[in-house]
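The values are calculated or read from the model by the stated rules, or taken from the named source; none is laboratory data. All values derive from a computational prediction rather than experimental measurement. With ideal geometry, Cβ positions are generated from the backbone for all residues, glycine too; neighbour counts draw on all protein chains shown.
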Amino acid sequence: MPLRAAELQDAELARFWTPDALHVPYRAIETPGRRDGELLPLVMFLHGDWQDGTDNESQLAGRGNGSYELVDAARRGGIPLVYVVPQTTGAYWPPDRVLAVVRDALARWPIDPRRIYLTGISDGATGVWDALKAYPRCFAAAVPMSGMTELAGLGPIRDVPQWVFHGDKDDDTDVETGYGGAMVGSRAVVRALRAMGGTPLYTEYANEKHVIWARAYAEPALLPWLLGQRLRGAPCDFAGLAR
């Protein structure tokens, strides 16, 4: 009997744990098509808080909340890339946890350090922005969805290519005010970035609530846009960054 889509995805993605003290669980797959000596882009997806844990499985639910569409699109286009899906705990993505997975992935696959991309949903989107703020010259682009972050710290990442997604009727993370505290929703973040001279792309789905991710990850232009971004300067020495 053929595997269902979710089961096939789970079977396809190998299991890894970072070898450092954080011991971060993550799943990964390399799509076919690599030519001799070619360096590959790395796409990392950060899940939301309801998939927290250490089982190295829950983060794959819903085909990675729709993010596995990026793998499907890469396969259809014959595009080689590495897709990784780490797992966190405590409804929070510490930047050093993200860094640990990037560091381990660089040791396992022939990854282009100028083409490392972050995407995430809900608390994972907040984690994307936190990682950018912590390491503003290390990531080539970011795609946060249905997230929020503080306006403080946006200045250094204003020039990082970002495509932000949110539903205008979000019933969890308000598109403007977030949870009503210091962290604000995507609309306010994008407005602030643009006021600083940044040029983030922004897609706000009319009459959509919190769970927009399958629709957003299926946008035909998303993967080509993402893979078209590269660091302008020298790549980060991830092995040498503070642990």
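Selection of the range 38-51 for residues being surrounded by fewer than 18 Cβ atoms within 10 Å (Cβ to Cβ) and either assigned to a strand (DSSP E or B) or without any contact (Cβ under 8 Å) to a residue 40 or more places away in the chain (or both) yields only TRP50. Of everything in the range 69-87 that's in a loop (DSSP other than H, G, I, E, B) and touching a helix residue (DSSP H, G or I) at 6+ places or on another chain (Cβ under 9 Å), which residue is surrounded by the most Cβ atoms within 10 Å (Cβ to Cβ)? Restricting to residues being in a loop (DSSP other than H, G, I, E, B) and touching a helix residue (DSSP H, G or I) at 6+ places or on another chain (Cβ under 9 Å), the top hit is LEU81.
The one condition from (1) under 12 Å from LEU70 (Cα atoms); (2) surrounded by 13 or more Cβ atoms within 10 Å (Cβ to Cβ) that HIS210 does not meet is (1). Kindly evaluate LEU193 against the criterion of being of a type outside the set (Lys, Arg), touching a residue at least 24 places away in the same chain (Cβ under 8 Å) and surrounded by fewer than 24 Cβ atoms within 10 Å (Cβ to Cβ). Answer is yes for this residue. Return a yes/no flag: does the range 56-68 have any residue that is in contact with a strand residue (DSSP E or B) (Cβ under 8 Å, 6 or more places away or on another chain), in a loop (DSSP other than H, G, I, E, B) and among the aliphatic types (A, V, I, L, M). No, that holds for no residue.
Of everything in the range 148-166 that is more than 18 Å from THR119 (Cα to Cα) and among the hydrophobic types (A, V, I, L, M, F, W, C), the residue that is surrounded by the most Cβ atoms within 10 Å (Cβ to Cβ) is LEU151. Considering the range 31-59, the residues that are among the aliphatic types (A, V, I, L, M) and closer than 18 Å to ARG97 by Cα include one that is farthest from the chain's Cα centre (by Cα), namely LEU42.
Hey, does the range 88-107 have a residue that's modelled with pLDDT of 95 or more and part of a strand (DSSP E or B)? Taking every residue of the range 88-107 in turn, none turns out to be modelled with pLDDT of 95 or more and part of a strand (DSSP E or B).
Residues that are modelled with pLDDT of 95 or more and either within 14 Å of GLY124 (Cα to Cα) or among the hydroxyl-bearing types (Ser, Thr, Tyr) (or both): does the range 23-39 have at least one? The answer is yes, given that some residue of the range 23-39 is modelled with pLDDT of 95 or more and either within 14 Å of GLY124 (Cα to Cα) or among the hydroxyl-bearing types (Ser, Thr, Tyr) (or both). Which residues, counting only those in the range 28-72, are small (Gly, Ala, Ser) and within 19 Å of GLY147 (Cβ to Cβ)? Selection gives GLY48, ALA61, GLY62, GLY64, GLY66, SER67.
Scanning the range 80-88 finds one or more residues that are farther than 25 Å from GLU219 by Cβ and in contact (Cβ under 8 Å) with a residue 60 or more places away in the chain.
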